[in-house]
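Comments concern the structure below.
The values are calculated or read from the model by the stated rules, or taken from the named source; none is laboratory data. Predicted model, so just to flag it, every value in this text is computed and none were measured. Positions of Cβ are generated from backbone atoms using ideal geometry, with glycine treated the same way; all protein chains shown enter the neighbour counts. In case anyone asks, the SASA skips ligands and DNA or RNA and just uses the protein heavy atoms, side chains included. Shrake-Rupley method; radii C 1.70, N 1.55, O 1.52, S 1.80 Å.
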Amino acid sequence: MKVFARLLALLVLFLAAVPGHAAAPAPSALPAPASGRLTVYFLDVGQGDAALIVSPTGKTVLIDGGPPEAGPRLAARLRELVKGPLDLVILTHPHLDHLGGLRAALKAVGAKRFMDPGFDHPSEAYRDLLDFVGREVGQVMTPEPNPGSPQSLVSVGLGEGVALTVLWPRVPQESFLADTRSDANANSIVTKLTYGKTAFLFTGDSEPPTEEVLLRKPLDLTATVLKVAHHGGKHSSTAAFLARVKPQAAVISCGVGNDYGHPSPEVLGRLGDVRARTFRTDQDGEVMAVSDGTSVTLRSARGSGAVSLPGTQPTGNPVALGPIEPTPHGRAGRSVEKEPEPGASRSRTQVEPAAPANTSPATGERYVSLKGSKVFHRESCPTLKRSKNERTVYTSRADALRERRPAEDCHP
């Protein structure tokens, strides 16, 4: 029996070391939310994002739900941390590594409200999630500015002076960003959570154009803790943006040995330049941050101690430092009203997803996934030329989408 146990342990270590293969993380040793404190959990969901906010009064917000394979683990963790339905669920953008685990999460604990950008996206998984949310969640919404005060920001009060403010997008006051590297990423919901002198900035998978728009606005972007955009991908977290945010701590949510090489050395270097204490879920596991309104204490599931950081935000200082005027930029994404699903609020402005491509492009190009990978590529993608792994070939994009998510190197 002892020999078997040793062999099993060696097998687990070997699999964890194989690129692209992430062993299931051990159960978190981090405690339940601290009474009377603001607690934020950056949950370990592999190559994806999920963060849980628990306010001093017990209000709860889940931001993203990780990839599909993280669903059971996310559901189990939420049952440990949440009593009753979530007060709000935010899907920052309609990509599978952020929405894949939400159905399991909602089935596990329920939710009162659901918010997403309302960005037009052809993903079948996204459409299925919207159908499910429309049936199961009481109110479905987008972060649309108040028509009576279009120059103000949408803010959700969580009690005891805690507020979650949406910085982007601001449709229809401002159109969605378009013609970017990834319009879905660029229109991620960006929020700032404030409590006394402390603040958290959640950036989804926002891109440089998103950061440029925010930098041009009269916004206080400073944050004690930054949830790093796009899993630490090199195209986000520009030097100018980090200089404005001035994060004392940064949390990168990514999977062990992921296919993208996240986090990138470039972003790690830029975080080092602003002297941010960096946590990574692939190395540190789940990260817990507790604020008393004056300072934030961070600890991780695999760490040996806690880090305490003083808050620097002036108490009572608004996130918006002036009227938020529309920023001229690109054309608007297609957005039309859709009859709400049963149970959904009719105030929800939903997008009608474009029909997925059911045939290959005129070039006849096919789509390919490597063995053991969760993404698919264009057949012409250089990544495929560098790999000798076995592969699955799809004759249509729709077929590939049913089993995999699009790779970010060739955007199939």
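If I compute solvent accessible area with a 1.4 Å probe over the protein chains, what percent of it on segment 133-212 is carbon and sulfur? Carbon and sulfur atoms account for 45 percent of the accessible area of segment 133-212.
Accessible surface calculations at 1.4 Å, restricted to protein heavy atoms, place segment 91-180 at 34 Å² per residue. Taking all protein chains into account, the per residue accessible area for segment 240-306 stands at 40 Å² (1.4 Å probe). The spacing between segment 125-175 and segment 35-101, judged by their C-alpha centroids, is 17 Å.
With all protein chains present and a 1.4 Å probe, how do ARG216, ARG366 order by accessible area, largest first?
ARG216, ARG366
Largest first, the residues THR294, THR142, THR191 sort by 1.4 Å accessible area into THR294, THR142, THR191. For segment 150-161, 3J(HN,Hα) computed residue by residue from phi via the Karplus equation (6.51, -1.76, 1.60; θ = phi - 60°) reads x, 8, 9, 9, 6, 9, 10, x, 10, x, 6, x Hz, glycine and proline entered as x.
Residues SER304, SER236, SER380 ordered from highest to lowest accessible area at a 1.4 Å probe: SER304, SER380, SER236.
The charge dipole of segment 76-142, taken about its Cα centre with unit charges on the Cβ of Lys, Arg, Asp and Glu (plus for the first two, minus for the last two), comes to roughly 380 debye. Were the residues from ALA240 through ARG391 laid out at 0.36 nm apart, the gain over their Cα-Cα distance would be 50.3 nm. Legend: distances between Cα atoms for LYS107/LYS374; LYS227/LYS374; LYS59/LYS83; LYS107/LYS192; pairs beyond 18 Å are LYS107/LYS374; LYS227/LYS374; LYS107/LYS192.
Restricting the chymotrypsin sites (Phe, Trp or Tyr not before Pro) of segment 84-147 to loop positions (DSSP other than H, G, I, E, B) with no more than 15 neighbouring Cβ atoms within 10 Å leaves nothing.
Considering only LEU214, SER152, GLY134, whose Cα is most displaced toward the positive end of the charge dipole of segment 80-227, charges sitting on Cβ of Lys, Arg (+1) and Asp, Glu (-1)? Farthest along the dipole direction, towards plus: SER152. Length gained on full extension, ALA320 to LYS371, computed as 0.36 nm times the residue gap minus the Cα-Cα distance: 13.6 nm.
Annotation: amide H of ALA111 within the under-5 Å range of LEU86, sequence separation 5 or more or interchain, hydrogens built in the peptide plane. Under a 5 Å amide H cut-off, with hydrogens placed 1.01 Å from N, HIS121 pairs with ALA354 among residues at least 5 apart or on other chains. Heavy-atom accessible surface of THR180, to the nearest 10 Å², is about 30 Å², with a 1.4 Å probe and all protein chains retained.
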